[in-house]
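What follows is a single structure, written as structure tokens, with notes after it.
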Amino acid sequence: MRIAVAGATGNIGTLTVASLRAAGHEVVGISRSLGVDLITTEGLDAALRGVAAVVDVTSYEGTDRDAAITYFGTTTRNLLVAEERAGVRHHVLLTIVGADRVAGNAHYAGKREQERLVSDGPVPWTIVPATQFYDFASKVTTWTEQDGVATIPPLLVQPIAPEDVADVLAEVAVGAPQGRYRDVAGPETQDLVDMARRTNDVIGRPVKLVPTWSSVLGAEMAGDVLLPGDGARIGPTTFDAWLARH
């Protein structure tokens, strides 16, 4: 199949492209660095020519809620319109487990807008909710670190290897649209603070961690908010195995 990946040069996008190509599919990368802009639509029609399915793993790094909604809304609308014009038969969206349960987070608000547009849109779809990736804990400390000290919320998570998510997305993309897919998660629950400490130790990054809810992620994410629901699909890679590789 000829499959397009939106956000192809990002972390999960790169892995999804690799997984699809390993399975023998032709992959078209969509990103600004590859000459395809989802905001201006430059290069989009050409990129989607002959494409059977699109996997959207685009992301937004800002913290402004309105800006996140605008970004995800604009890119998703443009992508869906172009897909309909090109005759794309399947739109696969990666989203976040618990996005519907966290009101205040800008990124989650943007993902909810994406989900709404895709589910109401003209292209048959599958929405795949995944938990946080294994590199998320260490990434949070980079957001808050000052003078060797980083605040981090004591979240309970059930994270997953990015490679495992990419494999699920590649599998889903070549199949029939399924609507909302079951939650995708890793095999074990983890404490975010402990994950960050262990990751930073492995990569040799000396950071003092201060657990607190007065950080970038608030108490609305406490408890089981970010955990997968019943019947989740569990990825095979443990956090220990992923750490050993990375």
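The values are calculated or read from the model by the stated rules, or taken from the named source; none is laboratory data. Not measured: the values here are computed from a predicted model. We place every Cβ from the backbone using ideal geometry, glycine too, and count neighbours over all the protein chains shown. Just the protein is used for accessible areas: all its heavy atoms, side chains included, with ligands, DNA and RNA removed. Shrake-Rupley method; radii C 1.70, N 1.55, O 1.52, S 1.80 Å.
Does THR76 qualify as being part of a helix (DSSP H, G or I) and crowded, with 22+ Cβ neighbours inside 10 Å?
Criteria met by THR76.
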Tell me which of these ASP100 doesn't satisfy, since it passes every other one: (1) without any contact (Cβ under 8 Å) to a residue 40 or more places away in the chain; (2) crowded, with 18+ Cβ neighbours inside 10 Å. (2)
Scan ALA185, ALA170, ALA176, ALA161 and give me the residue that is open to solvent by 30 Å² or more (accessible area, probe 1.4 Å), at pLDDT 95 or above and of a type in the set (Gly, Ala, Ser). ALA176
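Look through the range 42-73, keep the residues that are open to solvent by less than 80 Å² (accessible area, probe 1.4 Å) and free of Cβ contacts under 8 Å to residues at least 24 places away in the same chain, and return whichever of them is farthest from ARG2 (Cα to Cα). Even if it seems obvious, please write down each step before you answer.
So in the range 42-73, the residues open to solvent by less than 80 Å² (accessible area, probe 1.4 Å) come out as 43-48, 50-60, 62, 67-69, 71-73.
Then keep just the ones that are free of Cβ contacts under 8 Å to residues at least 24 places away in the same chain; that gives 43, 46.
Values: GLY43: 17, ALA46: 13 Å.
Here the residue is GLY43.
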Is the range 215-229 home to any residue that is surrounded by fewer than 19 Cβ atoms within 10 Å (Cβ to Cβ), within 19 Å of ALA130 (Cβ to Cβ) and touching an Asp or Glu at 6+ places or on another chain (Cβ under 7 Å)? yes
Among the residues of the range 179-186, is there at least one that is more than 17 Å from THR131 (Cα to Cα) and under 19 Å from the mean Cα position of the chain (by Cα)? yes
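Mind listing just one residue for me: the one in the range 197-214 that is of a type in the set (A, V, I, L, M) and open to solvent by less than 30 Å² (accessible area, probe 1.4 Å) and, of those, modelled with the lowest pLDDT?
Within the range 197-214, the subset of a type in the set (A, V, I, L, M) is 202-203, 207, 209-210.
Those still in the list that are open to solvent by less than 30 Å² (accessible area, probe 1.4 Å) too: 207, 209.
Values: VAL207: 91, LEU209: 94.
In this case the residue turns out to be VAL207.
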